[in-house]
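The values are calculated or read from the model by the stated rules, or taken from the named source; none is laboratory data. Since the model is a prediction, treat every value here as computed from it, not as a measurement. In this analysis, Cβ positions are derived from the backbone assuming ideal geometry, glycine residues included, and neighbour counts consider all displayed protein chains.
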Number of protein chains: 2
Amino acid sequence: MTAEIVSVGTELLLGQITDTNATFISEKLAERGVNVYFRQTVGDNLERLCATLRLAGSRADAVIITGGLGPTDDDITREALAGIVGVELKQDPQAAASIKAFLKARGRSVNAATLRQARVPEGGTIAPNRHGTAPGIIVEHDGSEFIALPGVPSEMHAMLEDCVLPHLEARGGGPGPIIKSRILHLSGVGESALGEMIGDILQGQSDPTIAPYAALGGVQLRITTKAASDEDASTKIARVEQQLRARLGSLVFGTDDETLEAVVGTMLAQRRLTITTAESCTGGLIANRLTDISGSSAYFVGGVVTYSNQEKARLLGVAPELMEQHGSVSEVVAKAMAVGARERSGADMAAAATGIAGPTGGTPQKPVGLVWIALATQESVICQEHRFHGARDQIKWRTSQAALNMVRLRLLGEL
Amino acid sequence: MTAEIVSVGTELLLGQITDTNATFISEKLAERGVNVYFRQTVGDNLERLCATLRLAGSRADAVIITGGLGPTDDDITREALAGIVGVELKQDPQAAASIKAFLKARGRSVNAATLRQARVPEGGTIAPNRHGTAPGIIVEHDGSEFIALPGVPSEMHAMLEDCVLPHLEARGGGPGPIIKSRILHLSGVGESALGEMIGDILQGQSDPTIAPYAALGGVQLRITTKAASDEDASTKIARVEQQLRARLGSLVFGTDDETLEAVVGTMLAQRRLTITTAESCTGGLIANRLTDISGSSAYFVGGVVTYSNQEKARLLGVAPELMEQHGSVSEVVAKAMAVGARERSGADMAAAATGIAGPTGGTPQKPVGLVWIALATQESVICQEHRFHGARDQIKWRTSQAALNMVRLRLLGEL
């Protein structure tokens, strides 16, 4: 089965919004083995929308349309569908009742514009909308099925999952070959070093494919395969993943949607250890990332953002002479920050970072991007020097990633 | 002049990446008055790419292509261009020299695959690439100009700005009517309350149009107009902006790319005031946002993230009895955090937040989303109660936005 995706809306063609709907639908169709060879984007113009739909219908079994189903005069997807099929729009009583019920439940009144959304091309059927007023429309013409969904992402997502994907599957959208991916997240290695480590695997490998992507503060490896079933795909991917992991070891910190802060959080919780942070150049980002994880209060006691030297002395006990002699961006100060934070808070571990986030404040000796990260435990204090590049927010992010990765490696006993 | 955008890459059709290139090009063309009626996306398949380019060329003066210019066998945009024009690809000496120089400057070696990128359809010209190896290609056929750019966003952005837009302008892309937008950012008001405040302006206004968008922790108003020149557009937008600002006053905190942390930072710097933060539920997010601004060390002395009650007592001097009696999510504790932070740090102002970020930890009396934000100055301590909804990261963000907005309103003398 082949499908084509049509995104409708002048705001897309003006670049006012990014077409994340097309990404979402593409991904869901690929997961279910539906081939997508083309996507088209068109504005709120009846003639051009009809031409676009006709072209899509001429080359795909299913045409999935988003946008243009709203209540205003700009919303013309219904008219275009009726136009290409050559039928009239008529009010669908079930759709009208759903709209009224939806609005009533929210204490809102029904008006004529809203009820326009209940009109459906003759012979078409509606797809219910749990999250909004505009129902979806399914209409067949000339051997192709046209499926129109609202442009509001939350409404579209639910309708695609609840109704469209099962519908396509029932029509033979499965169980064709499916495309499945798995992402390995790496930290502590750059793209070129990674290339040297696994170049032979990359070159010898065609199914599943392995594609490296640069990520901020690390690298990703995307393993992708096409297989007859989800189970077959998983087996093929697992084999390659195992091969890569055997080579890469602890450079891989997680998979798919996993974040480094979630991985570190799970490790701390499992070991019943607590952590604190002492941040200068990251300005609270490390603490912010740790607390993005629900349940982080079990292992994160809190932290300090010591932007001024005065605060480094007051909150962490860093000796002013030390900062005067070595500068606040230095190995000794990073270590003193970590030790002070750990001792004063009573946490098991403390991560500290001091550096020059830029774009100003750099010198030839201490350029923008120079960062010291220290990790204090009961046993020791370790410290790493980094030279990061990029804009201010990138340097902050890379520092936070390196600091969290130090915590992870320490917990693994590799630091 | 009309242009059509063609995005090339199977990874787009699989939903592995979102097509932000199309958004960027659309926006830049709209700003310069180039009409875009269609966009197409196609995979790494020569036949389908040729069909897509022919269709685009049949209806647009200029076809802007991104992707498929890399060094691998999958990259077939050069072949497709040669195919539709009906010419051969030949090595361009200037392009080859640029690629060699680019790699040499980075200490990288030149191989055959990389030099494939120097091939250009006969009769075509190249557009230099400052940020990568693949040059752009410009080739004319049948009254349309085909402009191929790399898919890497940073390379594409620079080439579009440096070369393509001036080229289109020289070819008559200007000075047609242009589309211009301006965004007003609001804080402290919801979409429905805003609708009541300016409903009459929204209804009476057709050019420029005014469109409200919900944003996390606020609302945006996008003012858009079409005009003969940039100056005309600016005049029309300024008139409507003035009308909106007269009604909305300090609810508007910024425009276009301005962030609340940047606005607050500028105000603090101008007034030579310093600030500190005491965060519980936001976990460092407020400090992180303040320090995203270059030069923030002039007004941000630092802050604390006191996630545990013990740390609230140790770092801020909040009395344990107070937390026991009222709970750590309470008005009195928020105020004590702000007062303690200000007194101990010596900063002019302190912002403090305590609340339940969820998804766990809520009770009937203190549900997820309940947040207290306090602001201490030399003169007073003020405190606001909020009931935010959404996921954990949304509640954190909304709290940080409300806290920064309290600082802004206080500095304006409105709190």
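Would you confirm whether any residue within the range B:189-203 is in contact (Cβ under 8 Å) with a residue 60 or more places away in the chain and not assigned by TED's automatic domain parsing to the domain that holds B:ARG32?
The answer is yes, given that some residue of the range B:189-203 is in contact (Cβ under 8 Å) with a residue 60 or more places away in the chain and not assigned by TED's automatic domain parsing to the domain that holds B:ARG32.
Within the range B:338-355, the set of residues being crowded, with 22+ Cβ neighbours inside 10 Å and either within 16 Å of B:LEU285 (Cα to Cα) or more than 12 Å from chain A (Cβ to nearest Cβ) (or both) comprises B:ALA338, B:GLY340, B:ARG342, B:MET349, B:ALA350, B:ALA351, B:ALA352, B:ALA353, B:THR354, B:GLY355.
Would a scan of the range A:217-225 turn up a residue that is closer than 14 Å to A:LYS180 by Cα and among the basic types (Lys, Arg)? It would help to see each step written out before you state the result.
Applying the first criterion (closer than 14 Å to A:LYS180 by Cα) to the range A:217-225 yields A:221-225.
Now narrow it down to the ones that are among the basic types (Lys, Arg): A:222.
Looking through the range A:217-225, at least one residue is closer than 14 Å to A:LYS180 by Cα and among the basic types (Lys, Arg).
Has the range B:298-320 got any residue that is modelled with pLDDT of 95 or more, surrounded by fewer than 18 Cβ atoms within 10 Å (Cβ to Cβ), in a helix (DSSP H, G or I) and within 27 Å of the chain's Cα centre (by Cα)? Yes, because at least one residue in the range B:298-320 is modelled with pLDDT of 95 or more, surrounded by fewer than 18 Cβ atoms within 10 Å (Cβ to Cβ), in a helix (DSSP H, G or I) and within 27 Å of the chain's Cα centre (by Cα). Within the range B:72-93, residues that are within 24 Å of B:GLU11 (Cβ to Cβ) sit with their Cβ atoms under 6 Å from residues that are modelled with pLDDT of 95 or more and of a type in the set (Phe, Trp, Tyr), at 6+ positions apart or across chains, in these pairs: B:LEU81/B:PHE146. Within the range B:304-311, identify whether any single residue is within 10 Å of chain A (Cβ to nearest Cβ) and aromatic (Phe, Trp, Tyr), and answer yes or no. Scanning the range B:304-311 turns up at least one residue that is within 10 Å of chain A (Cβ to nearest Cβ) and aromatic (Phe, Trp, Tyr).
The criterion of being in contact with a strand residue (DSSP E or B) (Cβ under 8 Å, 6 or more places away or on another chain), closer than 24 Å to A:VAL263 by Cα and surrounded by fewer than 18 Cβ atoms within 10 Å (Cβ to Cβ) holds for A:LEU415.
Within the span defined as the range B:199-216, one or more residues are within 14 Å of chain A (Cβ to nearest Cβ) and closer than 28 Å to B:ALA60 by Cα. The number of residues in the range B:241-267 that are of a type outside the set (Ser, Thr, Tyr), closer than 24 Å to B:ARG342 by Cβ and away from chain A (no Cβ under 13 Å) comes to 5. Among the residues of the range A:11-39, those that are hydrophobic (A, V, I, L, M, F, W, C) and in contact (Cβ under 8 Å) with a residue 24 or more places away in the chain comprise A:LEU12, A:LEU13, A:ALA22, A:PHE24, A:ILE25, A:LEU29, A:ALA30, A:VAL34, A:VAL36, A:PHE38.
Quick one: which strands (runs of 3 or more DSSP E) sit completely within the range A:109-165 and have at least 2 residues that are in the same structural domain as A:LEU29 (by TED's automatic domain parsing) and within 16 Å of A:SER26 (Cα to Cα)? Quick ask: steps written out before the conclusion?
Working: elements: A:119-121, A:125-127, A:136-141, A:144-149.
Once the strands (runs of 3 or more DSSP E) in the range A:109-165 are filtered for at least 2 residues that are in the same structural domain as A:LEU29 (by TED's automatic domain parsing) and within 16 Å of A:SER26 (Cα to Cα), what remains is A:144-149.
Pairs linking a residue in the range A:40-68 that is at the interface with chain B (Cβ under 10 Å from one of its Cβ atoms) and more than 19 Å from B:VAL36 (Cβ to Cβ) to a residue that is surrounded by fewer than 24 Cβ atoms within 10 Å (Cβ to Cβ) and among the β-branched types (Val, Ile, Thr), with Cβ atoms under 8 Å and 6 or more positions apart or on different chains, are A:ARG59/A:THR2. Would you confirm, using the coordinates I've provided, whether B:ALA82 is touching a Leu at 6+ places or on another chain (Cβ under 7 Å) and modelled with pLDDT of 95 or more? Here the answer is yes, as B:ALA82 does meet what is asked. Across the range B:12-27, the number of residues qualifying as within 15 Å of B:LEU165 (Cβ to Cβ) and either buried (at least 21 other Cβ atoms within 10 Å of the Cβ) or more than 7 Å from chain A (Cβ to nearest Cβ) (or both) comes to 3.
Look at A:ALA51 and say whether it is aliphatic (A, V, I, L, M), over 19 Å from A:PRO166 (Cβ atoms) and out of contact with any helix residue (DSSP H, G or I) (no Cβ under 6 Å at 6 or more places or on another chain). In short, yes. Of the residues that make up the range A:94-105, is at least one in a loop (DSSP other than H, G, I, E, B) and among the charged types (D, E, K, R)? Taking every residue of the range A:94-105 in turn, none turns out to be in a loop (DSSP other than H, G, I, E, B) and among the charged types (D, E, K, R).
From (1) at pLDDT 95 or above; (2) in contact with a Ser or Thr (Cβ under 6 Å, 6 or more places away or on another chain), pick out the condition that doesn't hold for A:ARG222. With respect to (1) at pLDDT 95 or above; (2) in contact with a Ser or Thr (Cβ under 6 Å, 6 or more places away or on another chain), A:ARG222 is out only on (1). Only one of the numbered conditions (1) crowded, with 24+ Cβ neighbours inside 10 Å; (2) within 12 Å of another protein chain (Cβ to nearest Cβ) is violated by A:GLY9, and that is (1).
Identify all residues within the range A:57-100 that are of a type in the set (S, T, N, Q) and more than 17 Å from A:ALA127 (Cβ to Cβ); write none if there are none. Matches in the range A:57-100: A:SER58, A:THR72.
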